[in-house]
Amino acid sequence: MIKYILFIALFGVSKSEAELVSLTFRNDSLDLVYTDKSVVKTVFFQVKHKRKGSLEILSVNKNIQILPFLPFLYSKVDFNRTRIGFTTNGELDEKGRRLAEIWLKNNTLEHKEEYTYSEDGRERIKQDYHMPGTQKSTKTTGRYDANNNLIFKQCIEYSGNPLDIETYEYKYDSEKNWTERKSYRQSVDNGIIGDRILVNIEIREITYYSETNKPRQFQLPQFPEKAQEIRTVIPQLAKIKQERINASYEAVESGNFEREIVLKEAAAIDDFTPAFWKRVKVDYGNLDSDPDEEAVAVYETSILADLGYKHSLAVYKKIDNGWRLWHQTTSPVLSTQAGGMMGNPFYGIAIERKCIVINHFGGSRQKWNYTHRYRFQNNNWYVIGATINFGAPCDYFKTLDYNLVTGDILADHTTESCDEDGFADATKREEKLKIKNPLQLMDDFTPGENEIKIGGEFWYY
């Protein structure tokens, strides 16, 4: 159901005594040109042909203008707002109804329409011509009720084949404007007419205004002074940002940038960030037996990698007057374009149960995500756990949960087949085993490039 509100004003406006000589229609406006060479621009909702040789124009300011309808020329603009360059000649009968409309392009016949009417005007037939304007094409029959609203419409193709029938039912208010319209369709197949099917219901709420009861005029809110200040400073900020970007490009090309964090102590974490680096994530927690807080941060660096730029991981310890750099490495975080079509694979970092937890996500049709855990022990940082998921819907999914401290492995393999409606039928296989290897140092570990063999198949973590 479509519901909308239509506002109609019952008061009019008048032009001078000059006569209308031409109209120019645009997508949402109308130019009226008079004999005194004045031009009136009107933004309109709709234009109707009135019976006594006039046009009724309902404009955006809720006014109705009744204008003399004369044979005229007008230019038209298509919905892409590209000027077409057509002109149209109109021919009227003694009742002001269109009899023919001829479309010219560069003064050459392009399209033609002819109109015929029943004696009471309730049935109207439009015959279209094409190729170019000389051969009959579609013929459209329309029937109208006493309030001049369409109640029947059917098109017949140039071959004589009738198309579907459209019919309409209305409910009217006291002003004879419809407040409800039901639309029906009947299919036509080789001359056989199908059942009448309701396809749409429209309801209109109409509010009428008079000279003494005009709609309220709403004023736009005042533009805030603070917003004006912000708008003034935006170009300055944009210039500063662009200068920073240009300087970064120049530094990368020349190699004139820091390849590691050189500051050993600082009052705040942000103070450690080297020029042309960007801190993307920071988290706080406890990583050792010391009760003082630690922090971990991941940076996008200016160091070129095979895929994008390297990330750097930094670990900080809390001290009396700020923070001290404890450790830094580029190994455990994948580079900025290592996520395949997903782009940057870095998906977050956290401190949990005295471990650094780093997440990655990437892939294309086949997606993967990694979770690796690192712990400080024996005076160094080691990889102690990995959880890996990869696969594709309606194909397969694999999950590997590997505790490198104990050697315990849980490997899960699920095969999925889907029907045409997307419903999946899955088979699942699970394996538990133990593979105990020496722990790897965090600084020597690259996520996704380490393999173990499970059931004759290599798995990567």
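DSSP loop trypsin sites (Lys or Arg not before Pro) in the range 260-338 with at most 13 other Cβ atoms within 10 Å of their Cβ, which ones?
Filter output for the range 260-338: LYS264.
Filter the trypsin sites (Lys or Arg not before Pro) in the range 333-427 to those in DSSP coil with at most 13 other Cβ atoms within 10 Å of their Cβ, and list the result.
ARG353, ARG365
ASN403 to SER183: extension gain in nm, 0.36 nm per residue of separation minus the Cα-Cα distance?
Gain in length upon complete extension: 72.5 nm.
Evaluate the distance, in nm, between pseudo-label points positioned 7 Å from the Cα of ARG196 and of LEU263 along their respective Cα→Cβ axes.
Taking the two extended label points, one gets 8.1 nm.
Identify the residues of the range 306-339 with backbone N under 20 Å of a label point that sits 7 angstrom from the Cα of LEU439 along the Cα-to-Cβ direction, or state none.
Counting backbone N atoms under 20 Å from the label point, the list is 313-317, 326-333.
Once you put a point 7 Å from the Cα of ASP292 and another 7 Å from the Cα of TYR172, both along the Cβ direction, what distance in nm separates them?
Label-label distance for ASP292 and TYR172, simple model: 8.9 nm.
Give me the distance in nm between label points sitting 7 Å out from Cα along the Cα-to-Cβ direction at ARG143 and ARG353, one decimal.
7.9 nm
Please go through the residue pairs LYS310/LYS432; LYS318/LYS432; LYS278/LYS354; LYS281/LYS436 and name each one whose alpha carbons sit more than 30 Å apart in this structure.
Too far apart for the 30 Å limit: LYS310/LYS432; LYS318/LYS432; LYS281/LYS436.
Aspartates and glutamates within cross-link reach of LYS317: Cα-Cα under 13 Å, excluding same-chain residues under 8 positions apart?
GLU265, ASP283, ASP288, ASP290, ASP292, GLU293, GLU294
How high is the FRET efficiency from ASN106 to ILE156, r the C-beta distance, R0 35 Å, rounded to 0.05?
Taking R0 as 35 Å, the efficiency between ASN106 and ILE156 is 0.65.
Note down, for the range 261-460, the three equivalent ellipsoid semi-axes (square root of 5 times each alpha carbon gyration tensor eigenvalue), biggest first, whole angstrom.
Whole-Å semi-axes of the equivalent ellipsoid: 34, 21, 14.
Relative to the present Cα-Cα distance, how much length would full extension add between LYS428 and ALA251 at 0.36 nm per residue of separation?
Gain on stretching LYS428 to ALA251: 58.5 nm.
Rounded to the nearest 0.05, what FRET efficiency is calculated for LEU163 and SER417 with R0 set to 41 Å and r the Cβ-Cβ distance?
Working from the Cβ atoms, E equals 0.40.
Is the shape of the range 266-364 best called rounded, prolate or oblate, per the rule: a/c under 1.5 gives rounded, else a/b larger than b/c gives prolate, else oblate, with a ≥ b ≥ c the square roots of the Cα gyration tensor eigenvalues?
oblate
Between ILE319 and GLN377, what FRET efficiency follows from the Cβ-Cβ distance if R0 is 22 Å, with the result rounded to 0.05?
The computed FRET efficiency comes out at 0.50.
Since every read-out is calculated from the coordinates, none of them should be taken as a lab result. Keep in mind that what you see is a predicted model, and the values were worked out from it rather than measured. Because the Cβ atoms are built from the backbone with ideal geometry, glycine has one as well, and the counts that use them run over all protein chains shown.
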